[in-house]
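Enquirer: I am attaching a structure below and will ask some questions about it afterwards.
The values are calculated or read from the model by the stated rules, or taken from the named source; none is laboratory data. Just so it is clear, the structure is predicted and the values come from calculations on it, not from any experiment. Note that we place each Cβ from the backbone using ideal geometry, even for glycine, and neighbour counts take in every protein chain shown.
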Amino acid sequence: MLAKSTASAYGGRPALQDPAWLRWTLIGTALAFLALFVALPLLTVFIEALHRGFGAYFAALVEPDALSAMWLTLLVAGIAVPLNLVFGILSAWAITKFEFLGKSFLITLIDLPFSVSPVISGMVYVLLFGLHGWFGPWLRAHDLQIVFAVPGLVLATIFVTFPFVARELIPLMQSQGIEEEEAAASLGATGWQIFWRITLPNIRWALLYGVLLCNARAMGEFGAVSVVSGHVRGLTNTMPLHVEILYNEYNFVAAFAVASLLALLALVTLAVKSVVEWRWGEDISGRRDQG
Amino acid sequence: MEPQEASICLAPPLSAVKPPWYAFVLGLAKVVSLSHERGLFRATRGSRGMLVRYSILPGFGLTLGISMAWLGLIVLVPLAALAIHAGGLGWSGFWAEVSTPRVLSAFRVSCTTALAAALINVVFGLLVAWVLVRYRFPGQRLVDALVDLPFALPTAVAGIALTSLYATNGWIGSILAEWGVKVAFTPLGIVVALTFIGLPFVVRTVEPVLQDLAPEEEEVAMSLGASRWQTFIRVILPALTPALLTGFALAFARGLGEYGSVIFIAGNMPGISEIVPLLIIIKLEQFSYQGATAIGTLMLVLSFILLLVINLLQAWMRGRHHVS
């Protein structure tokens, strides 16, 4: 809800009131900072994309290389996201429904890809599957290619988006406990019935949010994919890599046109997140760590 | 030059080719089956002295087994490959790769810019969190959603947008140019990109702590005669310190490894505005795998240290949180 003017969130507590001038100054500074660093860049994407008109915009989007980049991005995300969805649910089930030794260590390991530079996430696969890598000669002997081809893009994307679903689910499922599942099990429900009828309805919004974040990152990943792609136009270029190529060719309208699709994806992700948080806030309140 | 073509001539002769993963896969299968026989992965009856506490719920072995196998294949084995490659260099080889002036200055650039951006984010992140938690103003929900944009916007998109904004012919860049400040294609540009990337880490870490701050503490301070400023410095800020430090460390760690948003705006001059992740890519493109391995390993060690620090800070934060 939008209030008419600024007010303190602590209305009934006079000691916590800041004078109006201070409130306005702080709000103004915060908004100016956000405008300068966050809102303006977002706006720029769309303005630059459209400044030659809609004709040039759409021409850049239906160009064959752009279309093949979009297709490849959908393909990579379409493989990586479901795999990480399954992994996220399985690992969250094992971690939150059972007590075992080394659990917190396992959670740290799952979070590991977040603290690794994306460039390194790509590089490790080059070291494994590249021509000088461990499996390189064997792969070449069998005429298989992983790095500089689609499988490498998929692997690097899975690595980078590895923790997204699991870390949305784990805090929530931890806070929900196991009583409901235990009751169902003692009444004779099978594991599949328990998950389908009890657990899944309890976690569905957090799951949706995790999948959305995972998908946004999978489609937008740049650094890791850049290392394993080899930049073959029309073959191994995902949308972010296509944006880079167009930009480096000073084809700014086309670069920003493709970028605007990715920005739209980000906006949709944020919109769904806001709606979910607003309507089912308590259902996903187990989360909110540090993103 | 095509990377594939160049490397084909460097590859070992076909006679040396054998499937090196057979031993590994067989070994892994052996370990799993042995562990299963001895009940390591099974939910066992009785909790004391056992690795797993008994539970009536099904699926423990299956879910944990698949999770660990997937984790191992996707994350642990590749990272171990990097470590083993680095081990093959030896200390002197490692040091020779890492101690070149170009590598050292790349580390200097990455560290100082990430540090500067994290500091900016601590100040403005606290301000944004404060405004979002303490005040009500029109469009607040929109502003709240906007804070998460750097998480969701692909880094390459952020990179080209920031570059065209802060270039000397861009909206902001042209204003700054009149004052003689050049942002894009200088280290200052890197700081701008990393500030964009790191902002949500600080805001989203500080926000919940600020929300849970007991208002009574501030009221007590006030009734004991403290001014609002004194209350902020002596009561609020100390309570927020763990969260601020955590946010700082998260933003710094992210900034250190960031690639996509930086390379467009940085100018990438070796020694001046070349960051470590870019140098790794350059080494890889030159097939200097030893150099890339050494630099990458150093980066990995740095991020593990930061991860440890962040975990300790978060434990501290939780401890403080429960006390207050």
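Enquirer: Only one of these is at positive phi and touching a residue at least 60 places away in the same chain (Cβ under 8 Å): B:Phe185, B:Phe196, B:Phe201. Name it.
Expert: So the residue among B:Phe185, B:Phe196, B:Phe201 that is at positive phi and touching a residue at least 60 places away in the same chain (Cβ under 8 Å) is B:Phe185.
Enquirer: If you don't mind, there's one more thing I want to ask. Scan the stretch B:43-69 residue by residue and report those that are more than 7 Å from chain A (Cβ to nearest Cβ), in a loop (DSSP other than H, G, I, E, B) and at pLDDT 85 or above.
Expert: Selection gives nothing.
Enquirer: Of the residues A:Leu212, A:Leu207, which single one is more than 10 Å from chain B (Cβ to nearest Cβ) and part of a helix (DSSP H, G or I)?
Expert: Answer to the selection: A:Leu207.
Enquirer: Moving on to the next point. So for the stretch B:152-171 (the condition being in a helix (DSSP H, G or I) and more than 24 Å from A:Gly223 (Cα to Cα)), does at least one residue qualify?
Expert: Checking the stretch B:152-171: at least one residue is in a helix (DSSP H, G or I) and more than 24 Å from A:Gly223 (Cα to Cα).
Enquirer: Can you name the residue in the stretch B:75-87 that is farther than 22 Å from A:Pro163 by Cα and without any contact (Cβ under 8 Å) to a residue 24 or more places away in the chain and, of all such residues, is farthest from the other protein chains (Cβ to nearest Cβ)?
Expert: B:Gly87
Enquirer: Still on this structure, please answer the following. Is there a residue being out of contact with any Phe, Trp or Tyr (no Cβ under 6 Å at 6 or more places or on another chain), under 24 Å from A:Phe252 (Cα atoms) and not aromatic (Phe, Trp, Tyr) anywhere in the stretch B:197-207?
Expert: Checked the stretch B:197-207: at least one residue is out of contact with any Phe, Trp or Tyr (no Cβ under 6 Å at 6 or more places or on another chain), under 24 Å from A:Phe252 (Cα atoms) and not aromatic (Phe, Trp, Tyr).
Enquirer: So, one more: Before we move on, is A:Ala60 under 30 Å from A:Val258 (Cβ atoms) and assigned to a helix (DSSP H, G or I)?
Expert: yes
Here is a yes/no grid of residues against (1) part of a loop (DSSP other than H, G, I, E, B); (2) touching a Leu at 6+ places or on another chain (Cβ under 9 Å); (3) surrounded by fewer than 19 Cβ atoms within 10 Å (Cβ to Cβ); (4) more than 10 Å from chain A (Cβ to nearest Cβ):
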position: B:Gly125; (1), (2), (3), (4): no, yes, no, no
position: B:Val133; (1), (2), (3), (4): no, yes, yes, no
position: B:Gly180; (1), (2), (3), (4): yes, no, yes, yes
position: B:Val183; (1), (2), (3), (4): yes, yes, no, yes
position: B:Ile190; (1), (2), (3), (4): no, no, no, yes
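Enquirer: Here is a check on your reading of the model: is B:Gly72 within 12 Å of chain A (Cβ to nearest Cβ), part of a helix (DSSP H, G or I) and surrounded by fewer than 20 Cβ atoms within 10 Å (Cβ to Cβ)?
Expert: For B:Gly72, the condition - within 12 Å of chain A (Cβ to nearest Cβ), part of a helix (DSSP H, G or I) and surrounded by fewer than 20 Cβ atoms within 10 Å (Cβ to Cβ) - is met.
Enquirer: Restricting to the stretch B:98-136, give me the number of residues that are in contact (Cβ under 8 Å) with a residue 12 or more places away in the chain, under 24 Å from the mean Cα position of the chain (by Cα) and more than 20 Å from B:Ile197 (Cα to Cα).
Expert: Qualifying residue count for the region: 4.
Enquirer: Among (1) more than 9 Å from chain A (Cβ to nearest Cβ); (2) modelled with pLDDT of 55 or more; (3) within 30 Å of B:Met269 (Cα to Cα), where does B:Glu5 come up short?
Expert: (2)
Enquirer: Pairs, please: C-beta under 8 Å, at least 6 apart or cross-chain, first residue facing chain B (nearest Cβ under 7 Å) and farther than 19 Å from B:Gly72 by Cβ and in the stretch A:111-136, second surrounded by fewer than 24 Cβ atoms within 10 Å (Cβ to Cβ) and of a type in the set (S, T, N, Q)?
Expert: A:Ser117/B:Ser303; A:Leu131/B:Gln4; A:Leu131/B:Ser7; A:His132/B:Ser7
Enquirer: Taking the stretch B:82-109, which residues are aliphatic (A, V, I, L, M) and more than 26 Å from B:Phe252 (Cα to Cα)?
Expert: Those that are aliphatic (A, V, I, L, M) and more than 26 Å from B:Phe252 (Cα to Cα): B:Ile84, B:Leu89, B:Ala96.
Enquirer: Kindly indicate the residue of the stretch B:153-178 that is within 13 Å of B:Ala266 (Cβ to Cβ) and over 19 Å from the mean Cα position of the chain (by Cα) and also surrounded by the fewest Cβ atoms within 10 Å (Cβ to Cβ) among those meeting that condition.
Expert: B:Ala167
Enquirer: Okay, moving on. Does the stretch A:137-193 hold any residues that are among the acidic types (Asp, Glu) and either touching an Asp or Glu at 6+ places or on another chain (Cβ under 7 Å) or under 27 Å from A:Gly78 (Cα atoms) (or both), and which are they?
Expert: Across the stretch A:137-193, the qualifying residues are A:Asp143, A:Glu168.
Enquirer: Go through (1) buried (at least 16 other Cβ atoms within 10 Å of the Cβ); (2) more than 19 Å from A:Trp71 (Cβ to Cβ); (3) out of contact with any Leu (no Cβ under 8 Å at 6 or more places or on another chain); (4) touching a residue at least 60 places away in the same chain (Cβ under 8 Å) and name the single condition A:Ala156 misses.
Expert: The one condition A:Ala156 does not meet is (2).
Enquirer: State yes or no: is A:Ile245 more than 7 Å from chain B (Cβ to nearest Cβ), under 17 Å from A:Glu63 (Cβ atoms) and of a type in the set (Val, Ile, Thr)?
Expert: Taking the combined requirement at face value, the residue satisfies it.
Enquirer: When B:Leu119 is evaluated against the numbered criteria (1) surrounded by fewer than 23 Cβ atoms within 10 Å (Cβ to Cβ); (2) facing chain A (nearest Cβ under 7 Å); (3) more than 23 Å from A:Ala224 (Cβ to Cβ), which criterion, by number, is the only one it fails?
Expert: Of the numbered conditions (1) surrounded by fewer than 23 Cβ atoms within 10 Å (Cβ to Cβ); (2) facing chain A (nearest Cβ under 7 Å); (3) more than 23 Å from A:Ala224 (Cβ to Cβ), the odd one out for B:Leu119 is (2).
Enquirer: Sticking with this structure for a sec: Of all residues in the stretch B:283-324, how many are of a type in the set (A, V, I, L, M, F, W, C) and closer than 22 Å to B:Gly90 by Cα?
Expert: 12
Enquirer: Could you tell me how many of the residues in the stretch A:1-50 are under 29 Å from the mean Cα position of the chain (by Cα), modelled with pLDDT of 90 or more and more than 8 Å from chain B (Cβ to nearest Cβ)?
Expert: 7
Enquirer: Filter the stretch A:160-184 down to residues that are surrounded by fewer than 20 Cβ atoms within 10 Å (Cβ to Cβ) and under 14 Å from A:Asn84 (Cα atoms), then give me how many there are.
Expert: 0
Enquirer: Name the residues in the stretch A:65-104 that are surrounded by fewer than 20 Cβ atoms within 10 Å (Cβ to Cβ), under 21 Å from the mean Cα position of the chain (by Cα) and within 15 Å of A:Thr236 (Cβ to Cβ), would you?
Expert: A:Met70, A:Trp71, A:Leu74, A:Leu75, A:Ile79
Enquirer: Sticking with this structure for a sec: Being facing chain A (nearest Cβ under 10 Å) and touching a residue at least 24 places away in the same chain (Cβ under 8 Å) is true for just one of B:Gly291, B:Gly296. Which residue is that?
Expert: Sole residue among the options that is facing chain A (nearest Cβ under 10 Å) and touching a residue at least 24 places away in the same chain (Cβ under 8 Å): B:Gly296.
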